[in-house]
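K.L.:
What follows is a structure written as structure tokens; I'll ask about it next.
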Amino acid sequence: MILEHLKNCDEIFWSNPNKIEAKKGLEAFILTKDDIVDAANRLERFAPLIQRYFPETEGGIIESPILPLEYLKPALEKEYGVKILGNFFAKGDHLLKVAGSVKARGGIYEVLKFAEEIALKNHWIHPDESYERLGDEDLRSKFSKYKIAVGSTGNLGLSIGIISATLGFQVTVHMSKDAKEWKKTLLRNKGVTVKEYDSDYGKAVEEGRKSTEGDPFTHFVDDENSKDLFLGYSVAALRLENQLIEKGIAVNKKHPLVVYLPCGVGGAPGGIAFGLKILYGDHVECYFVEPTEAPCMLLGLVTGKMELVHVEDYGIPLKTEADGLAVGRPSRMVSRFYNRVIDGGYTLKDGKMFDLLRMVYRTEGIKIEPSAASALYGPTLIKDTERTTHLAWLTGGSMIPDEEFEKMLEL
């Protein structure tokens, strides 16, 4: 029945029947909490370099606030005829410095790790030396001999392109037909080579991967299977834990945390959910959110075919204005792991995403993309209590040009 609704592009809510105890599910995965901590420590080492080139960050740490949604909550209740008993917050990744989206963590992390590996291997820097040194012109000149490539629908390309160009790498972003023109323009203005394809995300990734084959001086950022991207995203969980403590928000059996994560190929929501499950186990529920016309992760989980599915094989058109979620096939690493760990997911039509985008802007003054707006619907679907904390992960939007955002408000 669920599969038929997916094929018909219906809005659905799915509770995962294959879910097992978080501790058991995590034991089967290739990564651990130690890997997340190692990634967090690496980002700390790079903080002086980030601060040098992006002084708008706080001490070189790229992080976002938790935002209360006290005005949106009653608006949702009125619009959809529901009662949301628990507290409702947003994780404001649309405000992340440097790249303005959730991709700022994973994308920037992978490029920084690649730069570290090169610099240490060639003895350009000592492990005990400040990593700010990696931004000096002599090292930027050395990095310019290396190339970085990535396939993207938009936001990952922004994060990879901006940080790679800053460090001096030659960088090419292969972009699908779904990518917004303003994102391509921004990248070109940063000195990034943008290659466009009149096809979907999968083609952009395929071409990006081909462009690096056999070249020892080229690094391909594999959005579908990269452990480094995944770990960069997962660091968000450690930081969120501290933010919740600072706000006096408990997460335990009596006080569940329910998180709604917009999902494209699955790397960013997968990494975040992994970190949250490591920290909170079964006290956190994680739900992936996808467009009705691009539900690749949910399709893979429902059919059990994981990364072998493509939405177009089931007559689903892969056509959505939520460019960050316009993906036809899910990540192998994420889908196979989350078959037993993820709590569920839901799909939304584009029209409802734009309704939510306008609603949160008018009630809270928050400017986000349609992809991010999809997370705001989650609390209307979950049976909660007054002890529940709902958290919508706002994945991007603050960098949208004003004229583009005005068009969205008028749709």
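K.L.:
Using a 7 Å offset from the Cα along the Cα-to-Cβ direction at both residue 402 and residue 38, what is the distance between the two label points in nm, to one decimal?
P.N.:
4.7 nm
K.L.:
Here is a further query. Compute the relative contact order of the stretch 103-226 as a whole-number percentage, counting only Cα pairs closer than 8 Å that sit 6 or more residues apart in sequence.
P.N.:
After rounding, I find 26 percent.
K.L.:
Among the DSSP beta bridges whose two residues both lie in the chain, what percent are antiparallel, rounded to the nearest 5?
P.N.:
Approximately 20 percent, going by the DSSP bridge assignments.
K.L.:
Which translational diffusion coefficient, to the nearest whole µm²/s, is obtained for the chain from the Stokes-Einstein equation, given a Kirkwood hydrodynamic radius over C-alpha pairs, 25 °C and 0.890 mPa s?
P.N.:
D, rounded to a whole number, is 116 µm²/s.
K.L.:
Right, something else. With +1 on the Cβ of every Lys and Arg and -1 on the Cβ of every Asp and Glu, and nothing else charged, how large is the dipole of the stretch 103-226 about its Cα centre, in debye rounded to the nearest 20?
P.N.:
For this selection, approximately 360 debye.
K.L.:
Note down the nm distance, to one decimal, between modelled labels 7 Å out along Cα→Cβ at residue 314 and at residue 203.
P.N.:
Inter-label distance under the simple model: 2.3 nm.
K.L.:
Using 20 Å as the Cα-Cα cut-off, could you pick out the over-long pairs in 203/352; 97/184; 183/407; 78/319?
P.N.:
Among 203/352; 97/184; 183/407; 78/319, the Cα-Cα distance tops 20 Å for 203/352; 78/319.
K.L.:
What is the stretch 1-79 by shape, rounded, prolate or oblate, if you read a ≥ b ≥ c off the alpha carbon gyration tensor as root eigenvalues and call it rounded for a/c under 1.5, prolate for a/b larger than b/c, and oblate otherwise?
P.N.:
Because a/c hits 1.5 or more and a/b fails to exceed b/c, the stretch 1-79 counts as oblate.
K.L.:
Based solely on its DSSP helices, what 222 nm [θ] is calculated for the chain when runs of n ≥ 4 H residues each add -39,500 (n - 2.57) and the sum is averaged over all residues, nearest 500 deg cm²/dmol?
P.N.:
Computed ellipticity for the chain at 222 nm equals -13000 deg cm²/dmol.
K.L.:
Ok, one more. Taking the chain as a Gaussian network, where each spring joins two C-alpha atoms under 10 Å apart, which residue of 314, 109, 377 fluctuates the most?
P.N.:
It is 314.
K.L.:
Next question, about the same structure. Along the charge dipole of the stretch 103-226, pointing to its positive end and built from +1/-1 on Cβ of Lys, Arg, Asp and Glu, which listed residue (120, 187, 202) has its Cα farthest out?
P.N.:
Of the options given, the answer is 187.
K.L.:
Further, regarding this structure: Please give me the summed charge of the neighbours of residue 116: other residues whose Cβ is under 10 Å from its Cβ, Lys and Arg +1, Asp and Glu -1.
P.N.:
+3
K.L.:
Going through the stretch 318-387, which trypsin sites (Lys or Arg not before Pro) have at most 12 other Cβ atoms within 10 Å and a DSSP loop state?
P.N.:
383
K.L.:
Which far-off residues, 5 or more places away or on another chain, put their amide H under 5 Å from the one on residue 285, with H placed in the peptide plane?
P.N.:
Correct list: 257, 258, 259.
K.L.:
Among DSSP beta bridges whose residues both lie in the stretch 103-226, state the antiparallel percentage, nearest 5.
P.N.:
If we restrict to bridges inside the stretch 103-226, about 0 percent are antiparallel.
K.L.:
Most fluctuating residue of 211, 374, 64 in a GNM of the chain with Cα springs under 10 Å: which is it?
P.N.:
Taking springs between Cα atoms under 10 Å, the residue moving most is 211.
K.L.:
While we're here: Within a Cβ distance under 12 Å of residue 156, other residues only, what is the Lys/Arg minus Asp/Glu net charge?
P.N.:
Summing Lys and Arg as +1 and Asp and Glu as -1 gives -2.
K.L.:
List the GluC sites (Glu not before Pro) within the stretch 45-78 that DSSP assigns to loop and that have no more than 13 neighbouring Cβ atoms inside 10 Å.
P.N.:
56, 70
K.L.:
Using only alpha carbon pairs under 8 Å that are at least six residues apart, calculate the relative contact order of the chain and give it in whole percent.
P.N.:
23 percent.
K.L.:
So for the stretch 41-111, averaging the separation of alpha carbon pairs under 8 Å that are six or more residues apart and normalising by length, what relative contact order in percent results?
P.N.:
Computed over the stretch 41-111, the figure is 28 percent.
K.L.:
For the chain, what is the charge dipole size about the Cα centre, in debye to the nearest 20, if Lys and Arg each add +1 at the Cβ and Asp and Glu each add -1 at the Cβ?
P.N.:
Computed charge dipole of the chain: roughly 480 debye.
K.L.:
While we're here: Along the principal axes of its C-alpha atoms, what lengths does the stretch 103-226 span, in descending order and rounded to whole Å?
P.N.:
Per principal axis, max minus min of the Cα coordinates gives 45, 29, 23 Å.
K.L.:
Please list, by residue number, every one of the trypsin sites (Lys or Arg not before Pro) in the stretch 49-86 that is coil in DSSP and has at most 14 other beta-carbon atoms within 10 Å.
P.N.:
83
K.L.:
Also, I was wondering about something else. So how much slack lies between residue 18 and residue 182, counting 0.36 nm per residue of separation and subtracting their Cα-Cα distance, in nm?
P.N.:
55.0 nm
Bear in mind these aren't lab numbers, they're just calculated from the coordinates by the rules spelled out. Remember, it's a predicted structure, so these values are computed and weren't measured experimentally. Reconstructed Cβ throughout: ideal geometry from the backbone, glycine too, with neighbour counts over all protein chains shown.
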